[in-house]
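Report on one structure; see the data block that follows.
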Amino acid sequence: MSALPPPSPARPEPSSPFAGGLVLTTLGSFALIFLAAFEALAVATIMPVVTRDLHGEGVYALAMAAPLATGIVGMVGAGGWSDRTGPRGPFYTGVALFTAGLIVCGLAPDMLTFTIGRILQGFGAGAINVTIYVLVARLYPPILHARVFGLFAAAWVLPSLVGPYLAGVVAQATSWHWVFLGVVALVAIAVVLMLPSLARLGSGPAAAAAEAAGEQPAEAPATARALAPDLLRAAVIAAAVLTLGTLGSRAGWGPAVLIGALVLVAFLLRPLLPVGAYRLSRGLPSAVILRAVIAAAYFGAEAYLPLIFNTHYRLDVSQSGLALTAAAVAWALASWVQGRFLQAAGDRALLTSAVLVVFASLAAVAGAIAASAPVPLVVVLWGVGGFGMGLAYPRLSTMVIRLSPVRAQGFNSAALNIADSTGSALGLAALGTLQRGEEFGPLVLILSLAAVLAGLGILVARRTGGVAQGTTAAGTV
């Protein structure tokens, strides 16, 4: 009997996201996330020009909110699809939809066509975001997850440094149409960089990856459900968010629309979140809820800070963005620090500390503005909040990958992103019901309530520890 050949030596794991066969995937993923974030910020800058050119002042809010709402549908669809057949198909579909949305917006002759393009962008961006999470889980060793998500967090934040200014320059020098059309070629380059890894990953079912990871088949895995009901729920959630955003601040509509939208969204979200999310079960379920809470608090306050600078401190529009730029720099710095030096810190300790920093920042900003403190002090205090968010966001992303069974990576990645988008949208809309034009008192109240919400996040953060890898599955709450 002949001797068996010796086993092939195991290939050493890469020590960096830019090592070996990962460098192109890292660059391509970073570029796609950067471009999606750039578009979101650029559009906010040029929308007044677009609406005047296309005579669409009446649907301004809808055009702004549409991608955030439809992104929820893209996340749900991409998450379930990735768990069934792998991330390659939903990734290409997401890129196609995002690119189509850019082209439609860039060539739009009227506001209706422009809004349709924005809707397509939302579908595509939501799908891209979720499938990139799954790609990280399948392609990168766990030791690199924190550093990768730190890079991705920076990719979301860095456009705030250049996006508004660059979009304004392009719109003035040529036309606002090129803010959209010019990005198409950049998206194509990013996708080309990722083709080798996507080909190597294949399009087989996630069950094969689960078996390779040593997971036992579940009797009735949550991801085996039909996608149609989840997509329908996501579509209704998107409609509720849009309704709240367009009617919530109108006189007489605010309280009724707010309560109705919150109840409806909470009910419909249940099957789209991990088991135990509403009970704040330890580990991943609480991490998902924490993402929604801090997104609602931070971004709900951020939307009104430039308005306060403009109306109360009499700063012009460019000066009003100083605080947002400071927070963006602090966020990017914290993301790097978290991925480079704080990987060994426990989830509960790091997240509780990070959310405490966000709470302290929001409370201090509200107090400083109420006391008419100098602008530089307010900018520094807001930057502290950005640092806290930069610590929290990459760790929450890492937790989802680490605690998810392979069969539920797409579902749970989608759940985290859905919580982020829904929390941001509901926070903006709910706090916006308190706004009374440019009155100073209600604006300070909005900041104060955002701080209270962040304070509740500290309690949620304390529920994020104490769960081993692969013990949290997807399913009904």
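The values are calculated or read from the model by the stated rules, or taken from the named source; none is laboratory data. Predicted model only: the values in this text are computed from it and were never measured. Note that each Cβ is placed from the backbone with ideal geometry, even for glycine, and that neighbours are counted across all protein chains shown. These area figures cover heavy atoms from the full protein model, side chains too; ligands, DNA and RNA do not enter into them. Shrake-Rupley method; radii C 1.70, N 1.55, O 1.52, S 1.80 Å.
Within the stretch 276-286, none of the residues are open to solvent by 20 Å² or more (accessible area, probe 1.4 Å) and touching a Pro at 6+ places or on another chain (Cβ under 7 Å). Counting only residues that are of a type outside the set (A, V, I, L, M) and open to solvent by 10 Å² or more (accessible area, probe 1.4 Å), the stretch 384-394 holds 2 of them.
Return yes or no: is T246 at pLDDT 60 or above, assigned to a helix (DSSP H, G or I) and either farther than 23 Å from T85 by Cβ or of a type in the set (V, I, T) (or both)? Here the answer is yes, as T246 does meet what is asked.
Set side by side, the residues T93, T99, T45 differ, and just one is surrounded by fewer than 24 Cβ atoms within 10 Å (Cβ to Cβ), polar (S, T, N, Q) and modelled with pLDDT under 75, which is T45. If we keep just the residues of the stretch 48-76 that are open to solvent by less than 10 Å² (accessible area, probe 1.4 Å), assigned to a helix (DSSP H, G or I) and farther than 30 Å from T131 by Cα, which is modelled with the highest pLDDT? Among those that are open to solvent by less than 10 Å² (accessible area, probe 1.4 Å), assigned to a helix (DSSP H, G or I) and farther than 30 Å from T131 by Cα, it is V50. Going residue by residue through the stretch 406-414, is there one that turns out to be touching a helix residue (DSSP H, G or I) at 6+ places or on another chain (Cβ under 9 Å), without any contact (Cβ under 8 Å) to a residue 60 or more places away in the chain, more than 28 Å from L264 (Cβ to Cβ) and not β-branched (V, I, T)? Within the stretch 406-414 (the criterion being touching a helix residue (DSSP H, G or I) at 6+ places or on another chain (Cβ under 9 Å), without any contact (Cβ under 8 Å) to a residue 60 or more places away in the chain, more than 28 Å from L264 (Cβ to Cβ) and not β-branched (V, I, T)), the answer is no, since none of the residues qualifies.
If you check R138 against the conditions, is it closer than 30 Å to L391 by Cβ, part of a helix (DSSP H, G or I), open to solvent by 40 Å² or more (accessible area, probe 1.4 Å) and out of contact with any Ser or Thr (no Cβ under 8 Å at 6 or more places or on another chain)? For R138, the condition - closer than 30 Å to L391 by Cβ, part of a helix (DSSP H, G or I), open to solvent by 40 Å² or more (accessible area, probe 1.4 Å) and out of contact with any Ser or Thr (no Cβ under 8 Å at 6 or more places or on another chain) - is met. Can you find a residue in the stretch 77-86 that is part of a helix (DSSP H, G or I), closer than 17 Å to P394 by Cβ and in contact with a Pro (Cβ under 7 Å, 6 or more places away or on another chain)? No, the stretch 77-86 contains no residue that is part of a helix (DSSP H, G or I), closer than 17 Å to P394 by Cβ and in contact with a Pro (Cβ under 7 Å, 6 or more places away or on another chain).
Looking only at the stretch 257-272, residues that are among the β-branched types (V, I, T), surrounded by fewer than 16 Cβ atoms within 10 Å (Cβ to Cβ) and closer than 20 Å to P285 by Cα come to 1 in all.
Of all residues in the stretch 319-352, those that are within 23 Å of the chain's Cα centre (by Cα), open to solvent by less than 10 Å² (accessible area, probe 1.4 Å) and under 20 Å from L305 (Cα atoms) total 3.
Taken over the stretch 258-300, the criterion of being under 16 Å from A240 (Cα atoms), β-branched (V, I, T) and in contact (Cβ under 8 Å) with a residue 40 or more places away in the chain is satisfied by V265 alone. Counting residues in the stretch 353-372 that are under 14 Å from R395 (Cα atoms) and crowded, with 21+ Cβ neighbours inside 10 Å gives one or more. Of all the listed residues (V148, V104), the sole one being in a helix (DSSP H, G or I), closer than 13 Å to T398 by Cα, more than 14 Å from the chain's Cα centre (by Cα) and among the β-branched types (V, I, T) is V148.
Of everything in the stretch 19-35 that's open to solvent by less than 20 Å² (accessible area, probe 1.4 Å) and of a type outside the set (S, T, N, Q), which residue is farthest from A155 (Cα to Cα)? Applying the filter and picking the extreme gives L22. Counting only helices (runs of 4 or more DSSP H) that sit wholly inside the stretch 370-477, those with at least 2 residues that are of a type in the set (F, W, Y), modelled with pLDDT of 80 or more and on the phi < 0 side of the Ramachandran plot are 375-403.
Checked against the criterion of being under 30 Å from F440 (Cα atoms), modelled with pLDDT of 85 or more and not basic (K, R), the stretch 273-292 has at least one qualifying residue.
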